[in-house]
Amino acid sequence: MTTQSPAPRWLLYGASGYTGRLIAEEAVRRGHKPVLSGRSREKLAPVADALGLEVRPAALDDPRALAAALEGLPLVMHSAGPFVQTSEPMIRACLAAGAHYLDITGEIPVFENTFAHDAEARARGVTLMSGVGFDVVPTDCLARHVADQVPGATHLDIAIAAVSQASAGTAKTALLQLPEGGRVRRDGVLHSYPMGHGARRQRFSDRERTVMPIPWGDLATAWRTTGIPNITTYAAFPSSSARALRWTYPVLQGVLRVGLVRDALMKVVDARVKGPDAAQRTSGRSFVWAQARAPDGRQAQAWLETPEGYLFTALASVRAVEELLAHPRTGALTPAGAFGADFVLRVEGCRRLDSLG
């Protein structure tokens with residue numbers, strides 16, 4: 001006679017969104033029974049009915065409703081962005097409830113805010129972990145992998161090539177972040193960097209591409225994971241787009257700082273941006289490269305291939321839930337800091353290479 005373990009139960013906030021629904025579906029596929037939450041019971045109902053899941057609606061500005069939604073649950077997966085607006089109230093609710101907090105952000109201010117709660121998280125015995133999706137699991141894990149091979153490294157470069165349509169949530173986050181400009185980390189400190197500058201060619205595992213510096217979340221996370229003080233993060237762009245952005249960004253930056261323009265664009269995004277369909281998620285691939293360097297000339301580089309970004313986020317986020325429920329940690333942590341450089345290889349469809357033939 002055998003005893004079957006109960007299905008893991010935890011709160012998935014933002015479950016009616018594009019990525020939230022993908023996470024819910026993956027969780028059920030892996031035998032979980034997440035409780036679905038968000039502002040609107042009406043929007044959550046179709047997801048819950050299709051997957052046979054419980055709903056506990058709650059607005060982020062209603063602490064009592066959030067406490068009720070969290071009651072009896074050990075963990076929250078927060079998937080409702082833009083996280084710069086939504087993460088803090090959920091972190092506060094998790095700390096009050098003694099529940100672990102995970103999210104799928106890629107926003108540098110959110111990472112910095114999450115790390116700022118480290119002492120309180122340790123005191124309450126919970127984990128706070130931002131970036132358990134495509135932002136930033138692949139890059140964080142690859143950064144740790146190369147850094148571990150170069151003790152004393154002082155420079156870290158990371159590049160991504162993710163060919164995929166954006167979801168509405170990602171597009172709105174980009175609209176909020178673009179006016180802030182570029183960033184790099186130098187001597188442990190974040191510095192402004194002009195968008196559109198610094199373009200170069202980089203070899204990924206499939207082919208060479210033009211990349212240019214962007215403010216990817218690893219400027220916050222890889223610094224904590226590796227301790228390397230000089231970090232530049234790149235993304236692949238068509239060569240023509242990289243050149244055009246160098247000259248057009250100052251105008252674009254000014255336009256996006258106008259509230260009425262930004263609000264109008266947000267409405268357009270909600271109406272028209274849908275994200276990749278199932279076929280695109282299944283067929284798409286994403287690529288990452290990282291290199292760590294030391295002053296004495298030692299260096300290590302590696303390449304990573306993953307499923308399409310949104311599919312990867314669903315796969316990785318549920319894996320992170322499983323890792324954390326099985327082996328709880330405390331404090332504000334990065335994915336690779338908590339789970340190790342090989343965590344990404346436990347996500348279906350990922351492959352790491354230390355050399356190219």
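The values are calculated or read from the model by the stated rules, or taken from the named source; none is laboratory data. Remember, it's a predicted structure, so these values are computed and weren't measured experimentally. Heads up, the Cβs are rebuilt from the backbone with ideal geometry, glycines too, and the neighbour counts pull from every protein chain shown.
Quick look at the numbers
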{"read-out": "Qualifying residues in the range 178-205 (those that are at pLDDT 95 or above and assigned to a loop (DSSP other than H, G, I, E, B)) - the one farthest from residue 157 (Cα to Cα)", "value": "205"}
{"read-out": "Residue within the range 141-155 that is surrounded by 24 or more Cβ atoms within 10 Å (Cβ to Cβ), in the same structural domain as residue 184 (by TED's automatic domain parsing) and within 13 Å of the chain's Cα centre (by Cα) present", "value": "yes"}
{"read-out": "Selected residue [in contact (Cβ under 8 Å) with a residue 24 or more places away in the chain, more than 17 Å from residue 299 (Cα to Cα), under 14 Å from the mean Cα position of the chain (by Cα) and not in a helix (DSSP H, G or I)] from 215, 138", "value": "215"}
{"read-out": "Filter pass, residue 332 being in contact with a helix residue (DSSP H, G or I) (Cβ under 7 Å, 6 or more places away or on another chain), within 22 Å of residue 114 (Cβ to Cβ), among the aliphatic types (A, V, I, L, M) and in contact (Cβ under 8 Å) with a residue 24 or more places away in the chain", "value": "yes"}
{"read-out": "The listed residue being of a type outside the set (Ser, Thr, Tyr) and not in a helix (DSSP H, G or I), out of 357, 337", "value": "357"}
{"read-out": "Any hit, the range 278-290, residues being touching a residue at least 40 places away in the same chain (Cβ under 8 Å), surrounded by fewer than 16 Cβ atoms within 10 Å (Cβ to Cβ) and part of a helix (DSSP H, G or I)", "value": "yes"}
{"read-out": "Breaking point among (1) at pLDDT 95 or above; (2) over 23 Å from residue 341 (Cα atoms); (3) out of contact with any His (no Cβ under 8 Å at 6 or more places or on another chain), for residue 133", "value": "(2)"}
{"read-out": "Boolean, residue 224 is charged (D, E, K, R), modelled with pLDDT of 95 or more and within 21 Å of the chain's Cα centre (by Cα)", "value": "yes"}
{"read-out": "Filter pass, residue 208 being of a type in the set (Asp, Glu), closer than 24 Å to residue 250 by Cβ and surrounded by fewer than 21 Cβ atoms within 10 Å (Cβ to Cβ)", "value": "no"}
{"read-out": "Any hit, the range 243-262, residues being within 19 Å of the chain's Cα centre (by Cα), of a type outside the set (A, V, I, L, M) and either modelled with pLDDT under 75 or in the same structural domain as residue 202 (by TED's automatic domain parsing) (or both)", "value": "no"}
